[in-house]
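Nothing in this text is a laboratory measurement; each read-out follows from the coordinates by a stated rule. As the structure is a prediction and not an experimental result, all values here were calculated from the model. Quick reminder, even Gly has a Cβ in these numbers, built from the backbone with ideal geometry, and neighbours come from all protein chains shown.
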Amino acid sequence: MGSISKKTSILEQKIYRLIKENHGRVSLSIELSDHVINHHSEQPYSAASLIKLPILLEGFRQIQEGKLDPDEAISVSQVEKVGGAGVLSHLSIRSEVTILDLLTLMILVSDNTAANLLIDRMGIISINDLCKRLGLKETQLNRKLMDFKALQSGIDNHISAFDARTCIKAIDKDEMFHAHSRESMLRILHNQQFCHKLPAKINRDLIFSANKTGELPGVEHDCAIFRYKGETIYAAVLIDELTDQTAGSEVLVRIGSFLNAYMEG
């Protein structure tokens, strides 16, 4: 991308100073118009709910190809409901939702039941094949959400900051996806209900924001698209090995505040 501006250099320095305060193990990949800030960006991390990004992308790819009907009704039985984030586990004993509802709920409220139903419907192999097509080197779906038995036996889902940034950029720009697919995915991310990390200090009256969070005990992730006055930032920040969950979340908030100052400056 060539030489970088003074304000980009200042932003990078502020981020690196914050990282050195050592709240857990931090990995990030932030693409600006003139530079990419990387820090251990290709290290694999437990994906937590960031694994829902390639599930979203594969869902819309299959809709494009006619393999999925967005209006297809999916029955949600009591046995399929899992805990954690989301709303489907709290609905009546048996309910029906569409494929598009599942894709939307999986992102908007990080619904784990929705994610698992989509995994069943699309298949783990197809989701992992999409990861390869996107050039994701460290991302792999190996278990369903809330499958703690698998997790305890060492089976986990993985992603890197570089891969997470690649996913959100694909949602915005990758021509593998039709324009209306990208617009739909971006709208879902923009309507995200969990905006307490990277977007927390973003002036959302002026700056377009679309994000997806992830968390597990000791893990705090977020990745986001920010757009203002013709400039787009793709940011992914992953943190693990946290002894203080709030401290990890605060690192994400502060990085978001740095990005806000950069865009408005």
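The table below gives the values:
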| quantity | calculated |
| --- | --- |
| Sequence-separation-based contact order of the chain, relative, with Cα cut under 8 Å and 6+ spacing, percent | 25 percent |
| The chain: DSSP helices with Cα axial extent of at least 27 Å and average Kyte-Doolittle hydropathy no lower than 0.0 | 245-264 |
| Contact order relative to length of segment 1-128, as percent, for alpha carbon pairs under 8 angstrom and 6 or more apart | 19 percent |
| Mean Cβ neighbour count within 10 Å, used as a protection proxy, ranking 65-72, 223-230, 46-53 highest first | 46-53, 223-230, 65-72 |
| Farthest toward positive dipole pole in the chain [+1 Lys/Arg, -1 Asp/Glu at C-beta], among Ala150, Val237, Gln192 | Val237 |
| Anchor Lys137: lysines whose Cα lies under 18 Å away (excluding residues fewer than 8 positions away in-chain) | Lys52, Lys169 |
| Cα-centred dipole magnitude for the chain, charges only on beta-carbon of K, R (+1) and D, E (-1), debye, nearest 20 | 480 debye |
| Positive dipole terminus of segment 59-167, leading residue within Val79, Ala115, Thr166 (C-beta point charges) | Thr166 |
| 222 nm mean residue ellipticity, helices alone, for the chain (DSSP H n ≥ 4; -39,500 (n - 2.57); rounded to 500) | -13000 deg cm²/dmol |
| Whole-number percent relative contact order across segment 141-213, with pairs defined as alpha carbons under 8 Å at least 6 apart | 21 percent |
